[in-house]
Every structure is written in structure tokens, then in C-alpha cells.
1. Please work out the ratio of the alpha-carbon Rg of chain B to 2.2 N^0.38 Å and round it to two decimals.
2. Measure off, as a whole percent, the carbon and sulfur share of the 1.4 Å-probe accessible area of chain B, all protein chains present.
3. Nearest 5 percent is fine: what portion of the DSSP beta bridges confined to chain B is antiparallel?
4. How much net charge surrounds A:R152 when only other residues with a Cβ under 10 Å from its Cβ are counted (Lys, Arg +1; Asp, Glu -1)?
5. Along the charge dipole of the range B:141-294, pointing to its positive end and built from +1/-1 on Cβ of Lys, Arg, Asp and Glu, which listed residue (B:G250, B:V264, B:I228) has its Cα farthest out?
6. From the C-alpha gyration tensor of the range A:13-92, pull out the three semi-axes of the equivalent ellipsoid (sqrt of 5λ each), sorted largest to smallest, in whole Å.
7. How big is the shadow of the Cα convex hull of the range B:104-165, averaged over all directions, in nm²?
8. Residue by residue through B:258-265, how many Cβ atoms from other chains fall within 10 Å of the Cβ on average?
Amino acid sequence: MGDEPTPPGDLGTETDGGVRTYTVRLELVDEPGELLAALEPIAENGGNLMSIHHERGNITPRGHIPVEVDLGCPPDRFDDIVAALRENGINVIQAGAERYGEEISVVLVGHLIETDLSDTLLAIENETSAAVLDLSLSAPQGTGDTSSARVRLAIDSGRSEAVFETIRSVSEEKDLTVVEPLLGGDA
Amino acid sequence: MRLAILGAGDVGRSVADLAGEYGHEVVALADSTNAVIDDDGIDVEGALQRKRSGEPVGVDDPDDVFEGEYDVLVEATPTTLGDAEPGFSHVERALEADRHVVLANKGPVAERYDELRALEDESAGSIRFEATVGGAIPVLSTIEDETPQAVTAVRGVLNGTANFILTRMAAEGLDYDHVLAEAQDLGVAEADPTFDVDGTDAALKFVILANVLSDGGFALEDADVEGIQNIPGSALNLAAEDGRTIRLIGEATREGVRVAPRLVPQNGPLAVTGTRNIVQIETRHAGSLHSSGRGAGGPETATAVLSDVSRLADR
């Protein structure tokens with residue numbers, strides 16, 4: 001979008017003013033005030049909180065609660081935000097070699113309901129260790145006809161090609177059309 | 001330069017019409033059945049007038065064009081796939097006679113690039129084909145100036161019809177069939193729009209780009225191609241909720257060619273609207289370059305042909 005070259009492997013969503021969207025995965029102890037303590041450093045360091053996915057039902061192997069936070073900030077602020085989280089005693093989960101994951105959106109088109117959408121999403125999540133962040137479904141002709149779904153996934157950095165391959169093969173089995181995002185260049 | 005123009009469709013006629021303005025002379029103009037040939041320069045206005053009123057363009061045999069006194073053969077016959085004939089043979093005959101060739105016909109450059117380059121190596125003439133990719137937009141000359149080795153990828157929208165359909169679907173919330181019918185009424189889509197909407201036309205252009213980047217080795221069958229026929233209005237609406245839209249995007253790298261509907265930022269450079277085309281040239285040393293403009297049309301494409309002719313004249 002701007003003239004800044006996109007660093008390889010850094011595929012956060014660029015929006016106006018060079019602000020990017022990042023997903024941070026945290027582990028919180030199940031105690032009052034923990035979530036607030038996790039969110040304050042984000043705002044204090046110039047991050048814009050976009051969404052919080054608080055998986056209360058899930059427990060990490062260490063007995064903590066996993067939380068995914070989407071935030072927007074200029075790329076040079078991101079390291080400060082992660083450092084501030086750690087200073088506040090928040091456990092920032094590492095994703096592969098990276099501290100944070102990428103986010104990708106795809107649109108699926110086809111007989112989504114008849115081909116069991118939840119099974120489709122589970123297959124994508126299980127085979128790629130991706131997490132579905134949100135889902136938006138549009139079935140203007142009713143659920144028996146062609147419908148579209150936009151799926152936002154959190155994935156480990158640098159794994160996008162593997163994730164797309166899985167999505168393609170799952171979709172091929174169910175005769176779905178996949179509209180992938182264009183990740184190369186500064187599209 | 002003295003031009004012999006094969007093909008009297010929109011592009012061939014526009015080249016004939018504009019050649020004088022660019023300082024060149026037309027010595028032959030031929031369609032598939034008739035030709036007008038004059039080594040001292042044909043009466044372009046008269047020939048175009050005859051063509052417009054449905055008469056033969058001239059009384060000469062198209063085959064005799066190759067015997068005439070021309071410097072550059074302009075190959076503007078319709079694009080054909082596979083063996084890319086008769087375009088390929090036209091180029092072959094001109095190169096064997098040591099003449100230059102400028103192509104607006106994508107077939108030979110997409111399907112038989114290596115053979116064309118081999119013929120060129122044996123000839124005193126050269127081939128150029130700016131008009132085959134992106135109409136009026138200077139794509140190949142930009143890559144040539146950057147040097148192909150320094151270009152890592154070319155991405156973009158190179159089919160105006162598909163882009164028009166996706167733009168209208170997104171703007172009006174209409175479905176594919178409805179917008180396609182509208183595009184046909186407006187003359188934006190042809191009666192048989194198959195090659196535009198199934199991605200073939202865009203794929204040919206990106207195959208040509210991959211050939212330029214890799215110095216050959218690609219044909220249409222090597223491209224991974226998906227069209228826009230399966231994209232419903234609801235998919236565009238969902239994309240818009242997320243600040244994105246869907247465009248038929250082509251990508252050419254040294255690894256291969258891919259054309260498919262892709263999610264791109266709604267306000268990003270690749271989300272051009274209407275019949276507009278855009279290419280993004282990713283370079284090693286100079287970041288990304290974007291050129292956008294009219295990717296089709298007679299006069300637009302003719303300007304690309306004539307700029308190739310001028311580059312040949314400058315050698």
C-alpha cells in the first residue's frame with residue numbers, strides 16, 4: 001500500500017498510516033484482574049485493541065487460560081507492547097520461532113451447509129494447527145443453495161503456504177471454491 | 001519504418017490509423033481474405049473506409065504482403081491457442097526474411113516462446129510484443145529497463161472484462177450472471193466471454209511475463225488457472241465486511257504462473273475498478289512499481305505496438 005517494502009515473513013495486515021494488525025497469544029492465570037492487566041500495556045504503548053478471544057473453556061497444559069488478542073499498531077511499536085506485557089507478568093506464548101502469529105482470511109464458496117461447515121473448519125484447524133478467529137456466513141438463497149463464508153484464521157508465522165494447501169485439499173473434497181488472500185508484495 | 005499490418009480488427013486498423021502520427025508508413029494492411037499493398041505507402045484512409053463499409057480492404061492477396069518492401073511486420077491477427085497459427089507462421093516468415101516483427105497477438109509469445117526466440121537468433125530481425133500484455137500500459141518495456149533478472153514477480157489485473165464484472169458485483173450486490181449480461185449489453189464483455197471470465201486471457205499474459213522473466217519455458221498448460229464464474233455476490237459482500245474485495249489476480253514468477261480470484265485490500269493498489277488494468281512489478285533493488293491504465297482497446301493497444309516500432313527504429 002505504501003512505499004515501504006514488506007519484510008519477508010511479516011504479513012500483518014497493513015492499513016492506513018502503516019498500522020498493522022497483530023495477533024498475540026497469551027496465557028492468563030484464572031484470577032480476577034488478570035485480563036485487565038494484560039490489556040493495559042497494549043493501550044499504554046500505543047496499540048489499538050481490536051478483539052479479544054477469551055477461550056474460557058480451554059485450559060493450556062500449564063493450567064492457564066489461553067487468550068488471543070488482536071491489536072493494531074505501527075510495526076515499530078509492536079516490540080514495546082510485547083515487552084510491556086512481559087513486564088506485567090503476562091505469559092506471551094511463542095508461536096514457532098516467532099512471538100506472534102499471522103492472521104489470514106479466506107472466503108469459501110459452495111454448498112457450505114450441506115457439506116458440513118463445522119466439519120470443514122475442524123479439518124482446517126486440526127490439520128494445520130490454525131485457530132478460527134471468526135466466521136461470517138452469507139446464504140442469500142437459503143442454506144440449501146450456494147453460500148459464502150469468510151473465515152479468519154490465526155496461524156503460526158511462516159506457515160501460510162501449508163495452511164493454504166490444507167484448505168485447498170479440504171475444499172476440493174467438498175467441491176468448494178476457495179478465494180485466497182494475495183499475500184505477496186504490498187498488495 | 002515501413003509497416004506491414006496483418007489483421008484488420010480494432011488493433012490492426014488503429015495501428016494503420018495512427019502510424020503516420022508516429023512517423024511511420026503503412027505499406028500493407030491485410031485481413032484473413034484480402035489485402036492492400038503498396039511499397040510507396042497505402043491510402044490508409046481509403047482502406048479503413050472500405051473496411052468500415054463492409055467492402056474488401058483491398059484487391060491484393062494477403063500472402064503477397066510477405067513479398068513487399070516492409071521493415072516491420074505487425075502481427076495483429078486474433079489470438080489462437082495451442083500451435084498459435086496462423087500467427088506463428090507469419091512471424092516465422094518475416095524473421096526468415098530478416099524483418100522485424102511486432103506482435104499484438106498473444107498466441108505465439110505465450111504458447112511457442114522458445115521457438116520464436118530460436119527463430120529470432122537466426123534472423124537479423126527482432127521481435128517485440130509490448131501490446132500483448134496490458135494494452136497501453138508499459139509493462140514489458142519497464143521490465144526490460146529494470147532488466148528481467150532484477151524482477152522477482154509480476155502481479156496484477158490484466159483482464160478488464162473480469163474486473164468490470166467483479167467491480168459491478170461488489171458495488172451493486174448483484175450476482176455474476178446478471179452483471180455478465182449487463183457487461184455484454186455495454187459491449188464490455190463479448191458475446192462469448194469464456195476466455196475473459198475463465199482466466200485464460202489473463203493467464204496468457206502472465207505466461208508471457210513468466211517467459212520474459214525466465215527467458216522461456218512456459219506455455220498456457222503450465223499455468224494454474226481459475227476463473228470468476230463461481231464467485232457469488234455474497235462472497236464479495238463478505239470480503240467487503242473485512243475491508244477487502246475480490247479481484248482476478250495473476251502472478252508470474254520464475255517458478256510459475258497462477259491466475260485466480262483473490263482477496264485484496266479494498267483500497268489497495270490492485271483493487272482497480274471497472275475495465276482498468278494494473279500491474280505490480282516487484283523488483284530486487286527498487287521495491288514495487290505499479291502501472292495502471294487501459295488494458296485493451298484499438299488505439300490503446302496500437303500505442304503499444306507503435307512504441308515497439310519506435311524502439312526498433314532507434315536501434
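1. Working: Rg = 19.7 Å, N = 315, 2.2 N^0.38 = 19.6 Å.
That works out to 1.01 for chain B.
2. Exposed carbon and sulfur together represent 43 percent of the surface.
3. Numbers: 29 of 47 bridges.
Around 60 percent of the beta bridges assigned by DSSP in chain B are antiparallel ones.
4. Numbers: positive: A:R150; negative: A:D70, A:E103, A:D134, B:D242.
Within the 10 Å Cβ shell, the charges total -3.
5. Of the options given, the answer is B:V264.
6. Result for the range A:13-92: semi-axes of 23, 13, 10 Å.
7. Values: hull surface 21.3 nm².
Computed as one quarter of the Cα hull surface, the answer is 5.3 nm².
8. Taking all residues of B:258-265 together, the mean is 5.
The values are calculated or read from the model by the stated rules, or taken from the named source; none is laboratory data. Bear in mind the structure is a predicted one, so any value in this text is a computation, not a measurement. When we count neighbours, we look across all protein chains shown, and the Cβ atoms used for this are built from the backbone with ideal geometry, even at glycine. To get the accessible areas, we keep the full protein, side chains included, count just its heavy atoms, and leave off ligands, DNA and RNA. Shrake-Rupley method; radii C 1.70, N 1.55, O 1.52, S 1.80 Å.
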